[in-house]
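**Student:** Got a structure for you, written out below as structure tokens; questions coming shortly.
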Amino acid sequence: MTSDPGFVIVGAGLAGAKAAQALRAEGFAGSITIVGDEPYRPYERPPLSKEYLQGRSEREKVFVHPEQWYSEHGIDLLLGTEVTAVDPAAHEVTLDDGAGLAYAKLLLATGSTPRRLTVAGAGLEGICYLRRLDDSERIRTAFEKASRVAIIGAGWIGLETAAAARAAGLAVTLLEQAELPLLRVLGPEVADVYADLHRRHGVDLRCKVHVTEVHGHGGRVSSVRLDDGSDVAADLVLVGVGIAPNSDLAEKAGLEVDNGITVDEHLRTSHPDIYAAGDVANAYHPQLQQHIRVEHWANARRQGLVAAQAMLGQDVVYDRLPYFFSDQYDMGMEYTGYVGAAGHDEVVFRGDPHGGEFLAFWLSGGRVLAGMNVNTWDVADNIDELIRSQRTVDLQTVDLQTVNQ
């Protein structure tokens, strides 16, 4: 056990790396240790389903910092190492080799894990999940050998991998339980845009279907059986049916857990010396006045900074609105805001939603809850400001470039 407890970060992903960077930038001179169960230093996940998966980006570009950055900043990386327990009373984590690592402050940035198929045949070779760097490389290699891919789940991962598979020349069948892809996130008005986009690019999109079984030959997947009794031929199956927060460590340690690790607006858990950030954090949002857990790149990046400042005793609050982006074929988009369980009562479009360049706004009671810009750039910050203002405006005529002036 170290005799000089410093700050320990469990999770070598984007949130953890950005927290370590912020700690040094804020002048923290104590020891910083990042513990990660993968053999790789922290990397960013968006390229894994986008440019890196398509072979348009070099491997080195996925990493958050150059390899030498960690030693230059006095940050210890314990890679290929799992934390098996957290003892809040003793201020100590236990590693998978039985060693103890003491801490003064602890950040849990443990991320999330893809939900698995539970139907018969789910263990066949050729069924892939995309979450880690190794997953992306495995799928990219599989693209070179496959001819027909079935993708289960038309969320962001499913849609982005469908675009990557089409770029690789594969026949793609996309299977979705809901009436439209991204229906729960975007609502029918905008979800239909993505359905049309993928069908125009040759994807066989099938909605309102359920997978009941996966068939194989010689231990390898050969088709997917649907609830109507039909079979979808496939020599590769990609599964994107959601992720679950990795909150087991926190739960076993007695921390408050509810759809992730419960934290306040300072990203502090129910123990004053333990914080959480990224996918795993169910954080109280001051403006939205509720806890939300956001599973996107920007959230991990931004929360890492705030968590570090809070660990140093600064009076900081995480109040950034959710933000995410996606690139599919020739359509790039940014989404800012949060609709929530209460839903919206109106969607206002600015431009033609099927024309490839438009804005969409989700409203409730005349107030803008969220906005999405598609192939229209440099307005995301202005949409953010418009949402925060909670004022009613004419969305067809407002100049977004000057909304925050």
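The values are calculated or read from the model by the stated rules, or taken from the named source; none is laboratory data. What you see is a predicted model; the values in this text were computed from it and never measured. Here Cβ is always computed from backbone atoms with ideal geometry, including for glycine, and neighbour counts include all displayed protein chains.
**Student:** What is the one condition in (1) of a type in the set (Gly, Ala, Ser); (2) touching a residue at least 12 places away in the same chain (Cβ under 8 Å); (3) loosely packed, with under 15 Cβ neighbours inside 10 Å that Ala370 does not satisfy?
**Tutor:** The single condition Ala370 does not satisfy is (3).
**Student:** Oh, and also: When you check Lys105 against the structure, is it basic (Lys, Arg), within 30 Å of Leu226 (Cα to Cα) and outside the structural domain of Thr141 (by TED's automatic domain parsing), yes or no?
**Tutor:** No: the conditions fail for Lys105.
**Student:** I've got another one for you. What's the number of the condition Gly229 fails, among (1) outside any strand (DSSP E or B); (2) out of contact with any helix residue (DSSP H, G or I) (no Cβ under 7 Å at 6 or more places or on another chain); (3) in contact (Cβ under 8 Å) with a residue 24 or more places away in the chain?
**Tutor:** Among (1) outside any strand (DSSP E or B); (2) out of contact with any helix residue (DSSP H, G or I) (no Cβ under 7 Å at 6 or more places or on another chain); (3) in contact (Cβ under 8 Å) with a residue 24 or more places away in the chain, Gly229 violates only (3).
**Student:** Look through Gly100, Gly6, Gly27 and report the one residue that is among the small types (Gly, Ala, Ser), on the phi > 0 side of the Ramachandran plot and more than 21 Å from the chain's Cα centre (by Cα).
**Tutor:** Of the residues listed, the single one that is among the small types (Gly, Ala, Ser), on the phi > 0 side of the Ramachandran plot and more than 21 Å from the chain's Cα centre (by Cα) is Gly27.
**Student:** Restricting attention to segment 347-356, and to residues there that are surrounded by 13 or more Cβ atoms within 10 Å (Cβ to Cβ) and not hydrophobic (A, V, I, L, M, F, W, C), which single residue is modelled with the lowest pLDDT?
**Tutor:** Gly356
**Student:** Now a separate question. Restricting attention to segment 7-27, and to residues there that are surrounded by fewer than 19 Cβ atoms within 10 Å (Cβ to Cβ) and in contact (Cβ under 8 Å) with a residue 12 or more places away in the chain, which single residue is nearest to Trp69 (Cα to Cα)?
**Tutor:** By that ranking, first place goes to Arg24.
**Student:** Which of the residues belonging to segment 84-123 are within 20 Å of Ala300 (Cα to Cα) and either at pLDDT below 95 or assigned to a strand (DSSP E or B) (or both)?
**Tutor:** Scanning segment 84-123 gives Lys105, Leu106, Leu107, Leu108, Ser112, Thr113, Pro114.
**Student:** Would you confirm whether any residue within segment 389-396 is modelled with pLDDT under 95, surrounded by 15 or more Cβ atoms within 10 Å (Cβ to Cβ) and either assigned to a strand (DSSP E or B) or not assigned by TED's automatic domain parsing to the domain that holds Asp192 (or both)?
**Tutor:** Among the residues of segment 389-396, at least one is modelled with pLDDT under 95, surrounded by 15 or more Cβ atoms within 10 Å (Cβ to Cβ) and either assigned to a strand (DSSP E or B) or not assigned by TED's automatic domain parsing to the domain that holds Asp192 (or both), which makes the answer yes.
**Student:** How many residues does segment 192-226 hold that are part of a loop (DSSP other than H, G, I, E, B) and surrounded by 15 or more Cβ atoms within 10 Å (Cβ to Cβ)?
**Tutor:** 3
**Student:** Check Pro114, Pro42 and return the single one that is under 26 Å from Tyr275 (Cα atoms), in contact (Cβ under 8 Å) with a residue 60 or more places away in the chain and surrounded by 15 or more Cβ atoms within 10 Å (Cβ to Cβ).
**Tutor:** When all the criteria are applied, what remains is Pro114.
**Student:** Which residue pairs have Cβ atoms under 8 Å apart, sit 6 or more places apart or on different chains, and have a first residue in segment 159-175 that is of a type in the set (D, E, K, R) and a second that is assigned to a strand (DSSP E or B)?
**Tutor:** Within 8 Å, the pairs are Glu160/Ser326; Glu160/Asp327; Glu160/Gln328; Arg166/Val172.
**Student:** Can you tell me which of Ala191, Ala250, Ala195 is touching a residue at least 24 places away in the same chain (Cβ under 8 Å) and under 23 Å from the mean Cα position of the chain (by Cα)?
**Tutor:** The match here is Ala250.
**Student:** Return the residues of segment 52-95 that are of a type in the set (Asp, Glu) and either farther than 28 Å from Leu312 by Cα or touching a residue at least 60 places away in the same chain (Cβ under 8 Å) (or both); say none if nothing qualifies.
**Tutor:** Glu58, Glu60, Asp87, Glu92 - these are the residues of segment 52-95 that are of a type in the set (Asp, Glu) and either farther than 28 Å from Leu312 by Cα or touching a residue at least 60 places away in the same chain (Cβ under 8 Å) (or both).
**Student:** Sticking with this one: Scan segment 70-108 residue by residue and report those that are among the basic types (Lys, Arg) and in contact with a Lys or Arg (Cβ under 9 Å, 6 or more places away or on another chain).
**Tutor:** Matches in segment 70-108: none.
**Student:** Still on this structure: What are the residues in segment 146-165 that are in contact with a helix residue (DSSP H, G or I) (Cβ under 8 Å, 6 or more places away or on another chain) and not hydrophobic (A, V, I, L, M, F, W, C), if any?
**Tutor:** Residues satisfying the conditions are Gly155, Glu160, Thr161.
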